[in-house]
Amino acid sequence: MENESWAVLVEPEGKVHVVEMTPGVRKIKGLGVFDPIETIGDTPYGSSVAVGQKNLTRMPPRLPELSKGMLRRAQTISAKDAGYFIARLGIGAGDRILEAGLGSAGLSMHIAHTLGQTGIHVTVEPRSEHAEVGLKNMLRAKQSWPVFPEHHHIEGAIEEVMDQVAEHVQAFDGIILDLPQHPSAIEAVAPMLAVGGRIACYCPVTSQVEAAWESCEAAGLEVEWAGELMERQWGKASKGGMRPVNGPFGHTAFLLIAQRTSAE
Ligand SMILES: C[S@@+](CC[C@H](N)C(=O)[O-])C[C@H]1O[C@@H](n2cnc3c(N)ncnc32)[C@H](O)[C@@H]1O
C-alpha cells in the first residue's frame, strides 16, 4: 500500500474521493487544502483519516470505488449496463475490444478491468475535452490495479479513424458503441468484427435502437437481443421490513446486441 499512486477516501454517506498520492500542500476538490502524503501516508485500509472537518475511511482502489469517485464530463454508463454488456459479449482475458466514444471512461474502466493484462482495448473519442477526463480515469485505474490491458486511444470520430484502429487490431471480439448516432459507426466498424464476435449499442432513445437494429442487419450482423434493464434498489423501512427505496425509477438506455455469425 505504501507505493499506491491513488488513495480512496470514503465519506460516511458513501461519497468517494480519489486522491493522487504525490507530495505537496494543494487544494483537493471536495476535501480542502492539505498534503496527501502527510495526511494519508500509509493509513491502512479500513482506518480513519481526518481531513479538515471530515472523517473519512481509507479503502482499496477497487473498480466500484474508482467508478464512484471518477472524474465526470460526458454521461457515463453505470455498473447495471456495463455488467450486462460484459456478460452478453462474453468479454474476458485476452479479448480484443473496440469502444467508441470513450467519454468519461465509465464503461472503459469496467472493460479494462475485465480484459486482464493479455487483452487489447482500443478506445476512440473525437472531443479532446472528453478524452482528457476519460484518460485520467483510465490512468487512475491502470496505476491502481495489478494488471491492465494494452490500451490504445485514438482521437477522432470512429467513422474516420478505422485505418488507425487497424494498426493495432485487425479483428475485434467485441465492439461497443455509445454514440449519439449509430448507423454510420456500425457501417464503419462491422467489417472488423470477428466471426462469433458481438457488437453492442447503447441507445438512450427508441429511435436510436431502431436505427441501430436496421444498420446491424444491413451490415450482415444478426441481432441477438434488444431491450432495457430495470434496477430497483431496496432498503430497510423505518418501521421494520424491507421495501424499495424512495427515489426515481430511472431510465438509462436501450441496449442492442448483434453477432457476426458467418464469414460472408
Ligand atoms: C455518452 S458519451 C460516452 C460515455 C462513456 N460510454 C462512459 O461510460 O463514460 C458519448 C461520447 O461519444 C463521443 N462521440 C460522438 N460521436 C462520436 C463518433 N462519431 N465517434 C466516436 N465517438 C463519438 C462524444 O464526444 C462523447 O464523448
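All of the numbers you see were taken from the coordinates with simple rules; none came from a lab. If you're wondering where the values come from, they're calculated on a predicted model, not measured in any experiment. Virtual Cβ from ideal backbone geometry, glycine too; neighbours counted across all protein chains shown.
Quick check: the angle from helix 106-115's long axis to the longest principal axis of the chain, C-alpha only, nearest 10 degrees?
That helix lies at roughly 80 degrees to the long axis.
Give me the log10 of I(q) over I(0) for segment 59-129 at q = 0.21 Å⁻¹, as the Debye formula computes it from C-alpha points; what are the numbers?
Debye curve over Cα of segment 59-129, log10 I(q)/I(0) at q = 0.21 Å⁻¹: -0.95.
How fast does segment 6-61 diffuse by Stokes-Einstein, in µm²/s, taking the Kirkwood radius from C-alpha pairs at 25 °C and 0.890 mPa s?
The Stokes-Einstein estimate is 222 µm²/s.
Among 29/54; 142/236; 54/142; 80/239; 68/142; 29/142, which pairs are too far apart, with a Cα-Cα distance over 25 Å?
Numbers: 29/54 13 Å; 142/236 37 Å; 54/142 28 Å; 80/239 29 Å; 68/142 16 Å; 29/142 22 Å.
Cα-Cα > 25 Å for 142/236; 54/142; 80/239; rest within.
With +1 on each Lys and Arg Cβ and -1 on each Asp and Glu Cβ, how big is the dipole of segment 109-262 about its Cα centre, in debye rounded to the nearest 20? Intermediate values should be presented prior to the final figure.
Values: 10 positive and 19 negative charges, 248 e Å.
Taking the Cα centre of segment 109-262 as origin, the dipole is about 1200 debye.
When a footprinting reagent is the concern and you count Cβ atoms within 10 Å, what order do 249, 34 take, fewest first?
On the way: 249 9, 34 19.
With the fewest neighbours first, 249, 34 line up as 249, 34.
On a 0 to 90° scale, report how tilted helix 128-144 is relative to the longest principal axis of the chain, with both axes built from alpha carbons and the result rounded to the nearest 10.
60 degrees
Kirkwood hydrodynamic radius, computed over distinct alpha-carbon pairs, for the chain: how many Å, to one decimal? The partial results should precede the final answer.
Working: mean 1/r = 0.0502 Å⁻¹.
Here the Kirkwood hydrodynamic radius works out to 19.9 Å.
Rg/Rh for segment 209-264: what does it come to with C-alpha atoms and Rh from Kirkwood? Show your work: numbers first, answer last.
Working: Rg = 18.8 Å, Rh = 14.3 Å.
Rg divided by Rh gives 1.31.
Which of the peptides 208-216, 235-243 is most tightly packed, and how do the rest follow, going by the mean number of other Cβ atoms within 10 Å of each residue? If you can, show how the numbers build up before the last one.
On the way: 208-216: 20.4, 235-243: 8.4.
Most protected by this proxy first, the peptides run 208-216, 235-243.
Arranged from highest to lowest average of other beta-carbon atoms within 10 Å per residue, in what order do the peptides 252-263, 19-30 appear? Kindly include the intermediate steps, with their values, before the conclusion.
Working: 252-263: 18.8, 19-30: 12.8.
Final packing ranking: 252-263, 19-30.
How do the peptides 154-166, 127-139, 103-115 rank, highest first, by the average count of neighbouring beta carbon atoms within 10 Å per residue? Provide the component values of the computation, followed by the final result.
Values: 154-166: 16.5, 127-139: 18.3, 103-115: 24.9.
In decreasing order of mean packing, 154-166, 127-139, 103-115 become 103-115, 127-139, 154-166.
What is the sum of charges around residue 65, taking Lys and Arg as +1, Asp and Glu as -1, for the other residues whose C-beta is under 14 Å from the C-beta of residue 65?
On the way: positive: 15, 58, 62, 68, 140; negative: 4, 11.
Counting the neighbours of residue 65, the net charge comes to +3.
At what distance in angstrom do the alpha carbon centres of segment 102-178 and segment 179-255 lie from each other?
19 Å
For helix 79-89, report the angle its Cα long axis makes with the longest principal axis of the Cα atoms of the chain; keep it between 0 and 90° and round to the nearest 10°.
40 degrees
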